[in-house]
Each structure stands twice: as structure tokens, then as C-alpha cells.
Amino acid sequence: MSNPFFKNHGPILISEILKSLKIKDNNFRQDRQIKDIKDLHAASESDITFFHLKKYKEVAKNTKASFCITTDSLKNDLPKNCTPLAVDNVLVSLSNLTAKFYPDAINDDFDNTTIDITKTEFKNKIKHGKNVLLGDNVLIGLNCLIGHNTIIEKNVSIGDNCSIGSNTIIRNTIINNNVKILDNCVIGKHGFGFFPINKKNLRYPHIGSVIIEENCEIGCGSTIDRGSMSNTIIGKNTYLDNQIHIAHNVKIGENSIIAGQVGIAGSSILGNNVKIGGQAGISGHLKIGNNVEIGGGSGVIKDVPDNSKVMGYPAKNIRDFLRENK
Amino acid sequence: MSNPFFKNHGPILISEILKSLKIKDNNFRQDRQIKDIKDLHAASESDITFFHLKKYKEVAKNTKASFCITTDSLKNDLPKNCTPLAVDNVLVSLSNLTAKFYPDAINDDFDNTTIDITKTEFKNKIKHGKNVLLGDNVLIGLNCLIGHNTIIEKNVSIGDNCSIGSNTIIRNTIINNNVKILDNCVIGKHGFGFFPINKKNLRYPHIGSVIIEENCEIGCGSTIDRGSMSNTIIGKNTYLDNQIHIAHNVKIGENSIIAGQVGIAGSSILGNNVKIGGQAGISGHLKIGNNVEIGGGSGVIKDVPDNSKVMGYPAKNIRDFLRENK
Amino acid sequence: MSNPFFKNHGPILISEILKSLKIKDNNFRQDRQIKDIKDLHAASESDITFFHLKKYKEVAKNTKASFCITTDSLKNDLPKNCTPLAVDNVLVSLSNLTAKFYPDAINDDFDNTTIDITKTEFKNKIKHGKNVLLGDNVLIGLNCLIGHNTIIEKNVSIGDNCSIGSNTIIRNTIINNNVKILDNCVIGKHGFGFFPINKKNLRYPHIGSVIIEENCEIGCGSTIDRGSMSNTIIGKNTYLDNQIHIAHNVKIGENSIIAGQVGIAGSSILGNNVKIGGQAGISGHLKIGNNVEIGGGSGVIKDVPDNSKVMGYPAKNIRDFLRENK
């Protein structure tokens, strides 16, 4: 799938890519064209990908990409079809290259393409409050409501029967049918992803979107960041309470219930039917199974298998936690 | 007291109520009229109530309601004046019946009755910022201030000498004299109450209000949800710091101090002179006594008696916590 | 340095100060003029200061102030040049006296001096969204952006190349060059500082500012309170994620990284190169050294020396925490 919101400035010649990665190697056909940059799973034969953590070894083995930014220590886990391009810091190289394909994906300044909804085709099609602004490339379905002072910035698609509250800001987001988003939310901004560099950090591009599937509800004051290389996804019929923070690349399954002030760090993946109590936190890059229950206030710092109930900081089996803390 | 904000579509014939609960029973006078639906404590002889948790047994014994939605296992705790109506799931039945009495209490879409304050009688009576909107059934006392972009949606009563900040949204709320509410708050939205049903959850009606008593202060970015069957109450001279979440039906006493990022889950009741440190969380349906101190970061998962100092997760006697963690 | 934002109504005669503190003492030259009220470190010979906690003993010993509000038990730690004025409650006395010097610093009602940016000199100088308001005494540098519905209240100085998001509110703040502040933030409001008094608490004046040094980024929905007697400072190139709360008088060093939903309580001081994981909390009046790493979810309740890695609640050495919780 091509990127729905950010313009791909590719294809880029492999010779240019090698130059930007500071790799000198004459064994390649220098005129080969690379169409896009994608994660290990999504990349096809015409793309370049990246592989930076041992834990993604199994996915790496099956990638279809022809080239992969990686390290000397990881390169042997790649399949024969994929030529490793070893660098010192995979993420910095990835960031620089992504910025070549998608130069518009670094900047998250306010959207100055917006105009008042009363000057658009949606004026009479949906119920809207006062001072509603719409940016470029906004689609809104049938029977929707948008509250006062809400800003639908560029690159937003809203399905049918959706209700957006007031003072909410949305960009780079696909919202499916029957979704409710309450007041004071910020959805679709870039994540907290950058490379720490003394004096001036380096932001990396966020070319992903937020996808909110049908029948979801998002509580007041919540923030959902868009993905960097993949998307941030809230599965069907999942409800989020107030003041929740969902970081970039997080994927939450269907029919899940997440109570107030929960935070989920970047790239964690949650299954279906997950219940999370208030103020719990989940570290980044974790896998939480289906039918998992996480007690309120828990701090989850490792994967949780299907059908588990955990609680505590760090979170453990809930029976153990309660017995030890009688 | 009749509901101040939601129109009661009752009385409803008991025969209709039985039909909606799918109870077939010919022992009642089918033409009996039921005026309202209320909790065990508030219900009078002409009302129907509900009883779903053993912990409310003592209140159930003294209810004045003539009918009560409950279960087979709880029904024997009701007094003689109250006829039990046993169902499989009390809360789902309650929800359906409440929606019959109060059909307007499910929907929390943005208030499209609002108009700019400069077009209302309050134009010259209070100091107000730019772009202030007022909904139906809004009362504002003397000597008040309302900041820019703030939306006082329908069903709000504000006392004298109150100061509301900017970008704040309020509905279904009674604010007493000398209250300050700072910027970016959302007060009076429905709570996180619904029945999890695969593919599409069922919201239950929130017919309660938020009541903020005199001399309170509510910090920036806080959310206070209105009650479902009862009210959410902030007692006199209680101060809340920034980014606090108070869930539906919570009752906080007088002279209390609640530091930043605290969360209090649904239906918990706190006494007077309670002090809560930053980021502490209190689970739902708990009773916290008078003069209680809860250390910052604590997770309170059981009742706390009067005059206790607790800390930890789960919270315990603060001396024990500090000694064990030296 | 004189206060940049609040008008000093001093000098005040020492005889008047003694009267307001209810101290009867004829040993002073009653016509001595006191210019300002400052903390122990910042006060000069013509100022009055305060000393209320034993932990500030070393700073007290070197104060240049001529007078100091303190207690009988602390007064002997002051140097000879500084006359102690012993009172029962230092902070209440401080509060009352500060209100005499700075009567405008108690009130944080919405700023009604604001006008639409299109009616100001900045109309064509910066890129701005719809409905942007600017208060009195606002300076904005070159090449800046300000998003929709954002309110720059009185007493704000913004450097060059800054990008402010939408729906954000700022007052009493100095923002240096190349700073990004995202959406829905509230920066520069008074802190959660007051004296608990039954029936009606007493607010104390906040005469400090927020200072955000160059190259910083502040995430969506964050709140940063201004200082009471000193300033709240975010050091150069420090990045804050979403939904962070920074209380009054906190000082954060340079090149630091603070993840989502972190809270830092009043008057804590952090060094440079500090990394804090999501949802961690830091109690008030602590000193966190340089190069410190604090794990996500931690609750820090005592000082942390340079180069330490801590985690847990209460936070301890991270290796001990992980070993004990295997």
C-alpha cells in the first residue's frame, strides 16, 4: 500500500542511497531504483527496509525487501534476497533516508491550510459547532458531528456516524464508522521519536498514520501519536477513557477497555479483549496477548502471554501480587 | 429531588417496566405508576431502584423504593416494602430502564444549542473573553469571569465570584460561589460507564451532575465526569491541582488537597481533610475516611479508615511502607 | 535582576514590614527601606528573604539579604549581616509580605488585555492561525509560527524560529530560540501553592516566570507552572513528551529527555542529561544529579546522585530493583 498522506519523493537510485548512508561498495548495480522505505513486514522487492533489534529476527528472515539498513552483528539473519547495508546507527541512517523519501513528514507545525468549515462543501452536510477548521485532504462521511473550535488538520478521513467533540485537534488520521472522539484530544501528531544529540536533537520523520477502527470511543484529553514507519492502530469497538496517552506505532486490538490516565509507550502491540485499569503503564516494544487483564496502576515491563491477569510494578501474576501484598 | 438537568419521561406503568425487563409475573397491579429511577438511598415509595453488589446490603435494607432490579442471590436482603425484580444482569437492565426514563442522558455529542455570549443577557453582566459560548439552561451569578474559547454547554449553574479559565468545557454542572476552574478542563461529560459487548459496547445513561461546592479550585487540564445514577461531588474548599481525573459518582469531602495527575476511579467516596500526593490513584467503589493522607504515587485498592496515613502500591500504613523500603 | 513581569510596589519601610509580620521590636532603624523580597540565593543587601527548611542551611549561611523571615529554631544559622525576623509560620508571613510587594501576582484569572493578532504589529511578521490572541507585553521574534486558538497572554517573550501549536495558553514565560511547544499546553500559570485554611485556603503569590531555553520541545497537553519566589526552568535542548506536569520552581537541566505523563513536584532541581521514563514521578524539593536515568513508572522520593540509574517505587538502584523483581 502506498502512503495515504505523505508524498513519496521516490524512487531513489541505490547509488544515491549508498552515498547518503556513506557506504562505498561497487558490487551493486548502481542504477537500481528503490521505490519506498518500509518496515520488515511491509516492504516488497522494490523497497528498502531496516532491522535494528534482535527481537525482530523472525520477521527479518522473511522480509521481501531487496535492501536492508542493519548492523554487522545482525546482517546474517537476513534472507538471501535481501542485501544488508551495515551502518553504525540503524535508526539515524533510517531517519536520514526516510527524510529523503518523505521530506514533509518531519514538520509538525500547525496546519495553515485550514479554512472555516462554513466555507467548505461540508457546511451543510454535517452538524458542526462554531469555529471549526478543516485542512487540505479532509474527507467526512454521512451523519457526522464536529464540535466547537475543533481543528481537523490535513490528511484526515472520517467515516459515517462519527461524533467529534470540541477543542480537539486531528491530523494524519483515518477514522472509521461510528467512532466517538471526545473533547480536548490531540490525535495524529508525530511521536516522541528523535535521536539525542548534544545541543540539538535530531527529529526523525513520522510517515505513519493513526487508524481508529469502527465503534471506538476516545475519552477527553487523550493523545494518540501517529506512527513513525508503521501506523498507530486502535482496534474495533475499543474504548479509551480520559487522559490516555498512546505513543507512536502502538497497535491495540479489538473489544478492549482502557481506563483513565493509562500510558502505552512506543511500538507495543496489544491483542484483542484486553482490559487495562487506570494509570497503568506499558513499556515500549512489548507484546501483550489476547484476553489479558492488567490491574490499575501496574507497570508492565515485559511481554504478557494470552489469557493472563497481571498487576504490580513490575507487573506479575495478579494472584501472586495480591497474596504477597496482603 | 427531581433531576435538575435531564427531563424525566416518567411516570411509567409497572407493566411496561416488567415488559422491558422481560419479567412475566401477574402478581402485581399492572397499572401502578413508577415516577422515577433512583439509587437505593435516594429512591422514595413511588420509585424503582437497583441493587447489584453485596457491599450495598445495609443501604438496601433501608430503601424506601417499592421495586428493585436485583438478582436472585441478592433479593432476600431487600425489605418487605420493596418488591425484587430479579434479572440476569442488573446493570444492563438498569441501563435500559434508565434510558426509558431519561432518553436524553446517553448522548454526549457537542452542544449545538450554544450561542456567543455577546448575544445573551450575560454580555454586560460578567467579564468574558473572546469566543465564549453558552448553551441552553445556563445561569451565571454576579462578579464572574469566563475566559477565551470557553464553552459553557447546556445545564450549567455558576454561583457568584467564580473565575473560569480559557479553553474549558462544562456541562451538567452546578458550581457554587467563589470557585476557580482553570484552563483546558472538561467538566460534566458522561463517565466511562458502559457494558462491554463484542462488536459494539452498550453505553449506559448518565443522569447525574457534577457539583462543585464553594471555594474550590480545579487545576488546568483536569477532567471531572458527571455521575451515572448519583452525582459527582467536590466538597467545599477542596483544591485540585493540574491534570487530575475524577470519574463518575466520586464524592470528595471538604478542605481536601489533591496534587497533580491524581486519578480517582468511579463511585469512590472520600471524607473531609483528605490529602493526596501527586500521581496517586484510587480504585473504584472505595471508602476513604476523614483526615486521611495518601502518599504520592500510591495505588489505593481497599478502604482507608479515618485518620490513616498510607503510601505504596498497594497502599499500606505509611510507616510500614517507608520502613520496608529503607 | 528585577522581576521582568510583575510590578514591584516596593521599596517598603521596615517599620511597615514589621507591622505586617506582627513583630514588635524597637531595635531597628524604622525608616530603613526594603527594595524587594527574594529567595536566600538571589537576595541582595537591600532585600528581605526567607528561610523555612533546615535543608537550605548552607544557602542561608551565605545570604546577602539584610533581613530574613524565619523561625526561632532556624535563626541561628543566618550570617551576621542578616537580621532574623522570627515568626510562627514562615510561608504564611512570606505570602502576606510578597502580596505587599507584588499585589498583581496572586490573581490568575484569564487575561482580558488580549486582542486578536490581526490587530497587532505581528499580523504580517509571523505565520499565525485563526483566532490567535495576544496580551500586553508580548514580544515575538523572527520566523515564528503560532497555531489556531492559541492565547499568548500577558508577559511572554518568544525568541526566533519558534513554533507554538494550537489551543495552547502561555503567560509569564520567556521562550528562547528554536523552541517547539505543541498543542493544548498551559504554560506559566501559578503553581499549586497555598496555605490550607479551613473553609477558605490562602493562595500565595507566584512572582516567578517559566523560562524555556533554546532548542526545547514541549509535548501536547503538558502543563508547566511558573515559579513562586524563583523561576521554573527547562534547560537547553530538553525534550518533554505529551501530558507532562512540571510544578512551580522546578529546574530541569540541559539535554534531558522526559517521556509521557511524567510529573515533577514543586522546587525539585534536575541536572543535565537526565532521562526519565514514562509516568515516573519525582517528589518536591529533591535534587536529581547529572546523567541520571529514572525508569518508567518510578516514584522518586529522595535525592539521586550524579550518574545513577534508578527505578522502582520508591526508586532505588535499577539493578537491585530488577534483581529483586525477577
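Values computed for the structure shown
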| item | result |
| --- | --- |
| Meets criteria (away from every other protein chain (no Cβ under 14 Å), charged (D, E, K, R) and within 30 Å of C:SER163 (Cα to Cα)) for A:ASP104 | yes |
| Count of residues meeting criterion [among the β-branched types (Val, Ile, Thr), in contact (Cβ under 8 Å) with a residue 24 or more places away in the chain and more than 10 Å from chain A (Cβ to nearest Cβ)] in the stretch C:134-151 | 1 |
| Extreme residue, nearest to the other protein chains (Cβ to nearest Cβ), among residues of the stretch C:217-232 that are under 17 Å from C:CYS162 (Cβ atoms) and among the aliphatic types (A, V, I, L, M) | C:ILE224 |
| Scan of the stretch A:259-274 for residues that are over 16 Å from the mean Cα position of the chain (by Cα), within 9 Å of another protein chain (Cβ to nearest Cβ) and not hydrophobic (A, V, I, L, M, F, W, C), ordered by number | A:GLY260, A:GLN261, A:ASN273 |
| Any hit, the stretch B:28-35, residues being at pLDDT 95 or above and within 23 Å of B:HIS285 (Cα to Cα) | no |
| Looking only at the stretch B:233-258, and only at residues there that are assigned to a strand (DSSP E or B) and in contact with a Gly (Cβ under 6 Å, 6 or more places away or on another chain), the one that is nearest to the other protein chains (Cβ to nearest Cβ) | B:HIS245 |
| From the options A:ILE207, A:ILE175, residue that is surrounded by 22 or more Cβ atoms within 10 Å (Cβ to Cβ), farther than 24 Å from B:PHE192 by Cα and of a type in the set (Val, Ile, Thr) | A:ILE207 |
| Top-ranked residue in the stretch C:210-239 [being of a type in the set (Gly, Ala, Ser) and crowded, with 24+ Cβ neighbours inside 10 Å; ranked as farthest from A:ILE169 (Cα to Cα)] | C:SER228 |
| Residue satisfying condition, being surrounded by fewer than 22 Cβ atoms within 10 Å (Cβ to Cβ), basic (Lys, Arg), in contact with a strand residue (DSSP E or B) (Cβ under 7 Å, 6 or more places away or on another chain) and not assigned by TED's automatic domain parsing to the domain that holds A:ILE37, within set A:LYS302, A:LYS309 | A:LYS309 |
| Residue count for the stretch A:191-215, restricted to those that are within 14 Å of chain C (Cβ to nearest Cβ) and modelled with pLDDT under 95 | 15 |
| Residue tally, condition in a strand (DSSP E or B) and either without any contact (Cβ under 8 Å) to a residue 60 or more places away in the chain or within 14 Å of chain B (Cβ to nearest Cβ) (or both), over the stretch C:158-187 | 11 |
| Scan of the stretch C:205-237 for residues that are closer than 20 Å to C:LYS154 by Cα, touching a Phe, Trp or Tyr at 6+ places or on another chain (Cβ under 8 Å) and not acidic (Asp, Glu), ordered by number | C:PRO205, C:ILE207, C:SER209, C:SER228, C:MET229 |
| Residue among B:HIS128, B:HIS148 that is under 14 Å from C:PHE110 (Cβ atoms) and in contact with a helix residue (DSSP H, G or I) (Cβ under 8 Å, 6 or more places away or on another chain) | B:HIS128 |
| Only one of C:ASN317, C:ASN272, C:ASN242, C:ASN291 that is within 29 Å of B:SER222 (Cα to Cα) and either in the same structural domain as C:GLU213 (by TED's automatic domain parsing) or out of contact with any helix residue (DSSP H, G or I) (no Cβ under 8 Å at 6 or more places or on another chain) (or both) | C:ASN242 |
| Hey, C:LYS61 over 26 Å from the mean Cα position of the chain (by Cα) and either within 14 Å of chain B (Cβ to nearest Cβ) or at pLDDT 95 or above (or both) or not | no |
| Residue within the stretch A:259-275 that is touching a Phe, Trp or Tyr at 6+ places or on another chain (Cβ under 6 Å), surrounded by fewer than 24 Cβ atoms within 10 Å (Cβ to Cβ) and without any contact (Cβ under 8 Å) to a residue 40 or more places away in the chain present | no |
| Filter result for C:ASN178 (more than 18 Å from the chain's Cα centre (by Cα) and on the phi > 0 side of the Ramachandran plot) | yes |
| Out of B:LYS100, B:LYS130, sole residue that is outside the structural domain of B:CYS68 (by TED's automatic domain parsing) and basic (Lys, Arg) | B:LYS130 |
| Out of A:PRO84, A:PRO79, sole residue that is assigned by TED's automatic domain parsing to the domain that holds A:ALA43 and touching a Cys at 6+ places or on another chain (Cβ under 9 Å) | A:PRO84 |
| Among the residues listed as A:ILE23, A:ILE34, the single one being surrounded by 14 or more Cβ atoms within 10 Å (Cβ to Cβ) and either in contact with a Ser or Thr (Cβ under 9 Å, 6 or more places away or on another chain) or assigned by TED's automatic domain parsing to the domain that holds A:ASN172 (or both) | A:ILE34 |
| Any chance A:LYS251 is within 12 Å of the chain's Cα centre (by Cα), assigned by TED's automatic domain parsing to the domain that holds A:GLY296 and surrounded by fewer than 22 Cβ atoms within 10 Å (Cβ to Cβ) | yes |
| Count of the stretch A:298-326 residues which are within 13 Å of chain B (Cβ to nearest Cβ), in a loop (DSSP other than H, G, I, E, B) and under 24 Å from the mean Cα position of the chain (by Cα) | 1 |
| Of all residues making up the stretch B:87-114, the number that are closer than 20 Å to B:PHE195 by Cα and in contact (Cβ under 8 Å) with a residue 60 or more places away in the chain | 19 |
| Those residues of the stretch B:281-297 which are over 19 Å from B:ASN249 (Cβ atoms) and at the interface with another protein chain (Cβ under 9 Å from one of its Cβ atoms), in sequence order | B:GLY295, B:GLY296, B:GLY297 |
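The values are calculated or read from the model by the stated rules, or taken from the named source; none is laboratory data. Fair warning: this is a prediction, and the values are worked out from it, not measured in the lab. Ideal geometry is used to build each Cβ from the backbone, glycine not excepted, and the neighbour counts take in all protein chains shown.
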